[in-house]
Amino acid sequence: MRTVLFLAAFSSTLALAQRPDEADMFGGSDEPTLDAGTIEEPVDAGTSRDLQQLEGVAITSKFDLGEILSDTLKIGGNLLINGQGYFQQSRPFIEGSFSAPMLLDLYIDGRPNDRIRAYAQGRLQFDPTRPTGGAASSTATAGSGSVGLTSQTGANPQVLLDQLWLRFDIARAVYVTVGRQKVRWGVSRIWYPTDFLNSRPRDALNPFDLRLGVNMLKLHVPIESLGWNFYGYGLLEGINIGSSGMQLQNLGGALRGEFVVGPAEFSVSGVWQQGKRQRYAADLSTGLGPIDIYAEVAFRDGRDFVTFDRPDDLNQSNLVENAVLGNITARRRSGVVVQASGGVSYSFNYTDKNTMILAAEYFFNPAGYDKPIDYLLQAFAPQFSPEALDPIQQVALYQGKHNLGLIVSLPGLPGADWVTVNLTNIFIINDPAAMSRLDVVFRVLNYLTVQAFGAVFYGEAGGQLRFWLSNKLVTDLAALSEATNPGTGLQTRQGLAPLRAAPLVQAGILLRVSI
């Protein structure tokens, strides 16, 4: 018995002598500490992993390397509920239009390790103020400048796929993203003429970017030592896809390089795809003391845009008469159309903790309209010509030739850093007409954002900001529709009725919560 106890005590003493101290076990030393005279035995190939760890042989965890994450899947989303009223000049307040669109974005974000990521995001949008199941007429809001979260056409409710992509890297040198994904080119704040990869530029007046992702393969090669980035895109967003599906000739490509030289950042881009004429872009942003300067330039083929030849005395009273007589014709432009936007931004502290931002931006669009009557021809192009307009000619704020924006931003008020105030003024110089919009954003309970806004429209009626139709033109268009397509005259008259008066005031509130 004494022999057994002696052997047990000797074994315990030997085990304690071979056991590393706590500093070694918790990362205090790279190698296990052995007592003097202790001989480290070689580990046999068949030794278990537990025995290796107990004997102090360092084992690197894949969790420590980031190769395996403890929480690999995130699920979340955003819910937006918007209520807004829209009022027109010379119409009773009670007849103002009202809408309450709702939008739910849900996403699934999977990251099994730091080199692979899978992402999916779907969208459900519904407007209880629109007919359920049907599609509303798009002419009811043409040129109105109204802001909404849901489109005026399509099913109601509507389910859409916003993003669906997979991202990984090749040797940590080339980063690959394939699938439907978000991308935006350009450095401006209101007008983005170089945002070529999206089918439409973003409407800066909309509090939420409604555009869906673009189907593409993106390759990103960064050069971190220089701060440069190179991108290659394989565009899967087909143009004129036939009933049999996409063919190889429908695929497109794009290249973009971003460079940092001193305090300046600039980029050059190009897009090539069948069905779209090649287009090129360049942008620049830099600082000049306390002032930030930015600009972007788009080089487009003139044939992308439609212009109208018309009599000099054309107006709403004789428009249909001239159209029937063939005095209004559409034609493609020629040469190169250079669209450019740019501005300056100045930020300063007006208290020790509060900042004010002043910004001015100008957009020159030679493909835009000169006079309000020209905008009307663009808004109703199908009635006067079979020529199709480029999508940029159908987006709010992108139709004018000379455009100016002035912005005042207060990100946090004295004693209320949870309140942000933005004042945006937009002028269409060639109308002339303008709008001023005030947004007040409240951050409540960390996850809830309340945004109240109000806009006032003023200036000459007839252009994109203060679009209107005379009673005679509505009557003439309805008669023309009835003559060409019997049974459609009344429908045309009802669809154009909301456009008889120019917009005057718009106000609303937006609730946004992160889920």
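Key figures
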read-out: Whichever residue in segment 405-426 is more than 23 Å from the chain's Cα centre (by Cα) and among the hydrophobic types (A, V, I, L, M, F, W, C) and, among such residues, is surrounded by the most Cβ atoms within 10 Å (Cβ to Cβ); value: Val419
read-out: Filter result for Ala434 (assigned to a strand (DSSP E or B), among the hydrophobic types (A, V, I, L, M, F, W, C), touching a Gly at 6+ places or on another chain (Cβ under 7 Å) and surrounded by fewer than 18 Cβ atoms within 10 Å (Cβ to Cβ)); value: no
read-out: Listing of strands (runs of 3 or more DSSP E) fully contained in segment 286-377 that carry 2 or more residues being of a type in the set (S, T, N, Q) and in contact (Cβ under 8 Å) with a residue 40 or more places away in the chain; value: 336-349
read-out: Which numbered condition Asp312 fails, given (1) within 30 Å of Thr475 (Cα to Cα); (2) touching a helix residue (DSSP H, G or I) at 6+ places or on another chain (Cβ under 9 Å); value: (2)
read-out: Total residues in segment 258-281, condition buried (at least 17 other Cβ atoms within 10 Å of the Cβ) and small (Gly, Ala, Ser); value: 3
read-out: Top-ranked residue in segment 468-478 [being in contact (Cβ under 8 Å) with a residue 24 or more places away in the chain and surrounded by 13 or more Cβ atoms within 10 Å (Cβ to Cβ); ranked as nearest to the chain's Cα centre (by Cα)]; value: Trp468
read-out: Qualifying residue in segment 506-515 (condition: under 30 Å from Ala340 (Cα atoms) and either outside any loop (DSSP other than H, G, I, E, B) or touching a residue at least 60 places away in the same chain (Cβ under 8 Å) (or both)); value: yes
read-out: Some residue of segment 145-154 being out of contact with any Gly (no Cβ under 8 Å at 6 or more places or on another chain) and either at pLDDT 90 or above or not assigned by TED's automatic domain parsing to the domain that holds Leu80 (or both); value: no
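The values are calculated or read from the model by the stated rules, or taken from the named source; none is laboratory data. It should be emphasised that the depicted structure is a prediction, and the values quoted were computed from it without experimental measurement. Heads up, the Cβs are rebuilt from the backbone with ideal geometry, glycines too, and the neighbour counts pull from every protein chain shown.
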